[in-house]
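Trainee: Structure below; questions to follow.
Every number here is computed from the coordinates shown, using simple stated rules; none is lab data. Just so it is clear, the structure is predicted and the values come from calculations on it, not from any experiment. Don't worry about glycine lacking a Cβ; one is built from the backbone with ideal geometry, like all the others, and counts go over all protein chains shown.
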Amino acid sequence: MPNINLKVTPDTFSGKQYSLTVADTNWTTTRAIGIIYYTENGSKRFKFNIVGDYTGSPTSGNLAITGIIFKNITNYYQAVTMYFSTANWIKGYTTKNANTIQWNAGAAASFLSVSGDVEIE
């Protein structure tokens with residue numbers, strides 16, 4: 001697997017899709033992919049899709065993505081889109097200056113899907 005920290009210049013788009021390593025307690029990754037790219041103004045971004053299962057049916061977690069550091073944006077967190085089987089609500093957001101996506105759900109379940117397009121360092 002190639003190193004996720006690409007050497008891409010602000011005026012290029014690699015378009016290369018990478019397999020991601022994702023970890024959490026009692027987590028098994030089914031599929032995890034991501035693309036790193038720059039916007040026209042030079043912001044480094046990460047587009048991703050992660051799918052997997054938890055054993056023990058938790059109501060919260062911290063998915064750690066190897067090789068990614070989410071941007072520290074003052075006064076707010078970056079939201080991500082999530083689906084958690086049987087949960088009536090779920091919220092997820094990136095952790096500033098870290099590699100984790102924190103999430104909480106209204107009910108315990110096992111299947112989790114998360115995707116996003118967020119800024120990274």
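Trainee: Evaluate E = 1/(1 + (r/R0)^6) for Lys16 and Asn88, where r is the Cβ-Cβ distance and R0 equals 30 Å; express this FRET efficiency to the nearest 0.05. Write out the running numbers ahead of the final one.
Mentor: Values: r = 38 Å, r/R0 = 1.25.
Given R0 = 30 Å and the Cβ-Cβ separation, E is 0.20.
Trainee: Taking the Cα centre of the chain as the origin, how large is its charge dipole in debye, to the nearest 20, when only Lys and Arg (+1) and Asp and Glu (-1) carry charge on their Cβ atoms? Could you put the intermediate results ahead of the total?
Mentor: On the way: 9 positive and 7 negative charges, 17 e Å.
The dipole of the chain has a size of about 80 debye.
Trainee: For region 18-119, just the Cα set please: Rg and Dmax, both in angstrom.
Mentor: Just the Cα atoms of region 18-119 yield Rg and Dmax of 13.4, 44 Å.
Trainee: Report ³J(HN,Hα) in whole Hz for each residue of region 38-53, in order, from the Karplus equation J = 6.51 cos²θ - 1.76 cosθ + 1.60 where θ = phi - 60°; Gly and Pro get x.
Mentor: So the J values, rounded to whole Hz, are 10, 7, 4, 8, x, 5, 8, 10, 9, 9, 8, 8, 10, 9, x, 10.
Trainee: Let me ask another. Lys44: which aspartates and glutamates have alpha carbons under 13 Å from its alpha carbon, excluding same-chain residues fewer than 8 sequence positions away?
Mentor: Candidates past the 8-residue exclusion: Asp11, Asp117, Glu119, Glu121.
Trainee: Can you compute the label reach from Ser113? Point 7 Å from Cα along the Cβ direction, backbone N cut-off under 17 Å, restricted to region 73-90.
Mentor: Once the point is set 7 Å along Cα→Cβ of Ser113, 80-90 turn out to lie under 17 Å by backbone N, inside region 73-90.
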